[in-house]
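K.L.:
Attaching a single structure in structure tokens format; questions to follow.
The values are calculated or read from the model by the stated rules, or taken from the named source; none is laboratory data. If you're wondering where the values come from, they're calculated on a predicted model, not measured in any experiment. All Cβ positions, glycine included, derive from the backbone under ideal geometry; neighbour counts span all protein chains shown. Note: accessible area is taken over every heavy atom of the protein model, side chains too, but ligands, DNA and RNA are not part of it. Shrake-Rupley method; radii C 1.70, N 1.55, O 1.52, S 1.80 Å.
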Amino acid sequence: MSDSFREDGALALDWVASYLERVREFPVLSQVEPGALRAALPAAPPDEPESFSNVVSDLDSIILPGITHWQSPRFFAYFATTGSEPGVLAELLIAGLNQVGILWRTSPALQELEEVTVDWLRQLVGLPDEFRGHIEDTASTGVLAATIVARARQPDRRVLVCSEHAHSVADKAARLLDLELRKVPTDEEFRLRPDLLDADDACAVIATVGTTGMTAVDPVPEVAERCAAAGTWLHVDAAYAGAAAVCPELRHHFAGWELADSVGMNPHKWLGVPMDCSVLWTRRQDEFRSAFSLVPEFLRSPDDAVNLSEVSIPLGRRFRALKLWAVLRCYGRSGLQGRIREHLRLAGLFEGWVRDEAGWEVTAPRHFSLVCFRRDGSDEDNERLLERVNDSGEVFLSHTRFDDRYMLRLAVGNFRTTEDDVRLAWDVLRREAASL
């Protein structure tokens, strides 16, 4: 088994390395129809064992056609991501160690590495020492957890408040916790208007740094002031944009987030950590423990440690910190800053091309590496344009809607994206627009 494992491991690693080398060759958006993959797979499980090499060979023939290539440097939809090489290798180590962090004693390394790496990241983005954090799977879970704590803290307040452009996770948290969701109108730059914010009856307010649609930055200092006056929990959602705070020249976008009760960001979005790795920090860890700690008899131990399961929703947790640790060590502050700055440069280039081209417009201020834009014409024209661009397979973009108009979005975020890739996206857009 040992020799087979080493041979199969080498085969798998070679396949991944080859895939990353040739990822530009694939249509970025999967071109299959719904049900195609199911039809290509046996309806029943195998009776006899198969070799791992058979599994790997079927990746190319069966699985890859159904893959939308998030690792492609020409993936510009939603928020582009990267599973960097150190992160990919760390995932192998995580699976090999197969830790289950239900208590400190079930994996001291899992818990303490998580505590240390999350604090390293806190230092990199400039949050104060008083913030303590842990890793969740996604920012959706982080927002839900923070809202649970806020509701437990003030159970008579049954309102959750956010911007009209906040992520839909706020809607889901309100639904799951049976809260009224109140959305605050925004200004001309799509920022929550604090003069219209009533937090007196709310258990929590969500302010966003880098909204999903257009990366608007809510005025967090003013929101924090109103929350403090009302005794209301403030959560800052910086799931995408938080990574940009590693660059000192971008810290002004995050003014006031140090006043929040909790802050969330996703290293799996813009820091090269493979999915899933979302960090949730709080200044009020005791309140998290009060809301979540439940230690049945079979889990009681004499250890002098607060288990991470006592400050979060799940009992068991993966060794996610290992991939964050690997990426932070292998890129360092300077390497991460270099990639963020390059993405801002590339987004700025694309924004300039759109702004300078007759018949096109930039539709929202660009704070980070997302450009919102559209071509002159109807919403239906722009929707058809996006469909044609994505159907080409050469690049993948997404859309949003604000000001009652359909907008196109190009998000630069993959570590392997070059100026040629961004230029290709612009060329494809212009070509398909001319053919409409």
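K.L.:
Counting only protein heavy atoms and using a 1.4 Å probe, what share of the accessible area of segment 126-197 belongs to carbon plus sulfur, as a whole percent?
P.N.:
Here carbon and sulfur together make up 43 percent of the probe-accessible area.
K.L.:
For the chain, what is the accessible area per residue in Å² when the probe is 1.4 Å?
P.N.:
Averaged over the residues of the chain, the accessible area is 45 Å².
K.L.:
So for D58, D420, what's the accessible-area order with a 1.4 Å probe, most first?
P.N.:
D420, D58
K.L.:
Over the chain, calculate the relative contact order: mean separation of alpha carbon pairs under 8 Å at least 6 apart, over the residue count, as a percent.
P.N.:
Relative contact order, the chain: 21 percent.
K.L.:
Along the charge dipole of segment 201-281, which of G242, P267, G213 sits closest to the positive end, that is, farthest toward it, with unit charges on the beta carbon of Lys, Arg, Asp and Glu (+1, +1, -1, -1)?
P.N.:
P267
K.L.:
I'd like the carbon and sulfur percentage of the solvent accessible area for segment 249-338, probe radius 1.4 Å, heavy atoms only, ligands and nucleic acids excluded.
P.N.:
Carbon-and-sulfur percentage of accessible area, whole number: 50.
K.L.:
Please arrange T138, T211, T106 by accessible surface area, largest first, computed with a 1.4 Å probe and ligands excluded.
P.N.:
Heavy-atom accessible area, descending, gives T106, T138, T211.
K.L.:
Please list 3J(HN,Hα) in residue order for segment 369-377, calculated via the Karplus relation 6.51 cos²θ - 1.76 cosθ + 1.60 where θ = phi - 60°; whole Hz, with x for glycine and proline.
P.N.:
Values per residue, Gly and Pro as x: 10, 10, 10, 9, 7, 7, 9, 4, x Hz.
K.L.:
Please give the charge dipole size of segment 290-355, origin at the Cα centre, charges +1 on K and R Cβ atoms and -1 on D and E Cβ atoms. Round to the nearest 20 debye.
P.N.:
520 debye
K.L.:
While we're here: In terms of solvent-accessible area of protein heavy atoms at a 1.4 angstrom probe, what is the ranking of R333, R193, highest value first?
P.N.:
The ranking, largest first, comes out as R333, R193.
K.L.:
Right, here's the next one. How do 72-82, 276-286, 40-50 rank on mean C-beta neighbours within 10 Å, highest first?
P.N.:
Those peptides, ordered most packed to least, come out 72-82, 276-286, 40-50.
K.L.:
Per residue, how big is the convex hull of the chain when only Cα atoms are used? Give it in Å³.
P.N.:
Roughly 171 Å³ of hull volume per residue.
K.L.:
What 222 nm value per residue comes from the helices of the chain, counting each DSSP H run with n ≥ 4 as -39,500 (n - 2.57) and dividing by all residues, nearest 500 deg cm²/dmol?
P.N.:
-13000 deg cm²/dmol
K.L.:
Over segment 47-92, with every protein chain in place, what whole percent of the accessible area is carbon and sulfur at 1.4 Å, could you tell me?
P.N.:
61 percent
K.L.:
Let me ask you something else. Please state the charge dipole magnitude for the chain, taken about the Cα centre, from unit charges on C-beta atoms (+1 on K and R, -1 on D and E), reported in debye and rounded to the nearest 20.
P.N.:
560 debye
K.L.:
List the extent of the Cα atoms of segment 365-436 along each of their three principal axes, largest first, rounded to whole Å.
P.N.:
34, 29, 16
K.L.:
Report the one residue of V306, C330, A347 whose Cα lies farthest in the direction of the positive end of the charge dipole of segment 258-382 (charges on C-beta: Lys and Arg +1, Asp and Glu -1; origin at the Cα centre).
P.N.:
C330
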